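The values are calculated or read from the model by the stated rules, or taken from the named source; none is laboratory data. Keep in mind that what you see is a predicted model, and the values were worked out from it rather than measured. We place every Cβ from the backbone using ideal geometry, glycine too, and count neighbours over all the protein chains shown.
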Amino acid sequence: MAVLNKEGFQGRDYITLKDYTSDEILYMLKVAKELKEETKAGVPHPILQGKNLAMIFTKSSTRTRVSFEVGMLQLGGHALFLSNRDIQIGRGEPIKDTARVLSRMVDGIMIRTHSHQDVIDLAEYSDVPVINGLTDLFHPTQVLADLLTIQEHKQRLAGLKLSFIGDGNNMAHSLMNIAKLGLHIVIASPAGYRPDPEVFAQAQAAAQKGGGLIEIVEDPIAAAKDADVLYTDVWASMGQEEEAAVRAKAFVGYQINDQSLKAAHKDAIVMHCLPAHRGEEITEDVLEGPQSVVFDEAENRLHAHKAILALLM
């Protein structure tokens, strides 16, 4: 069974990777790798036997729900799905009341929602660990799975160039937070859709201390040049559907395609957090091509999330 050094992790919240040191992130990846190996070998690891996770969803989900629910089951615990239609948050109950009630009944809370402040407030009033399953500002659980996938395919993290092409959204923000592991992160976004300046400034300061670098550029092909990892996301995220037509015009050219692959290293891998809009931010042939690791990345949500759960709970 995976050995967990719980000191420094147990009881903490997982809101962004900004809150974790490089060594702590690498340790989470080590645990995720061990748990994945045990899962593949059929070795049980009931680390969270008797534990319960409340999962609050105000945004729909495939990978987040399945990975946390199956992950808790494989860890010997139980996950409780709560949509905003099922609990009183949907009828106006304050976050702080929900936090204090759930804290007395469960051992951890995962929330996937729009407002990042809601996650911060939930964590402030909760007595159990709170995990950010996605907000409009950050998606830190996805990025841990991304790091695990890159490690598996590149056998390292430090010194790699990761180029994200598309909207300067929650994925771009979260990827900037891993530059402190020694990565060169390039974000290519059109004017008006670049990452939040404050998030960038904080991530850049941390990156420089860790030997990494973050660049924000406008030219997607220049961004892809010599990349080890090409990454993209949808042009219009959940809640932005009414902007889809406007965004489709703004993001013309911000696509991972054959031209991107030619600019990148020959052995570059292609990533996408899914769901994908084929023919928009990525072409069908690249998504389904030999350099795509998109479905390895999706599977690794399970193993990365199990590491988070096991360490915090």
* To do: Would you be able to say whether some residue in the stretch 238-255 is aliphatic (A, V, I, L, M), more than 20 Å from His139 (Cβ to Cβ) and touching a residue at least 24 places away in the same chain (Cβ under 8 Å)?
  => yes
* To do: Tell me which of these Lys33 doesn't satisfy, since it passes every other one: (1) within 19 Å of Thr141 (Cα to Cα); (2) charged (D, E, K, R); (3) not assigned by TED's automatic domain parsing to the domain that holds Ile131.
  => (3)
* Identify, by number, the condition in (1) buried (at least 24 other Cβ atoms within 10 Å of the Cβ); (2) over 27 Å from Glu198 (Cα atoms) that Arg104 doesn't meet. => (1)
* Residue in the stretch 229-270 that is modelled with the lowest pLDDT, counting only those that are of a type in the set (Lys, Arg) and loosely packed, with under 13 Cβ neighbours inside 10 Å -> Lys249
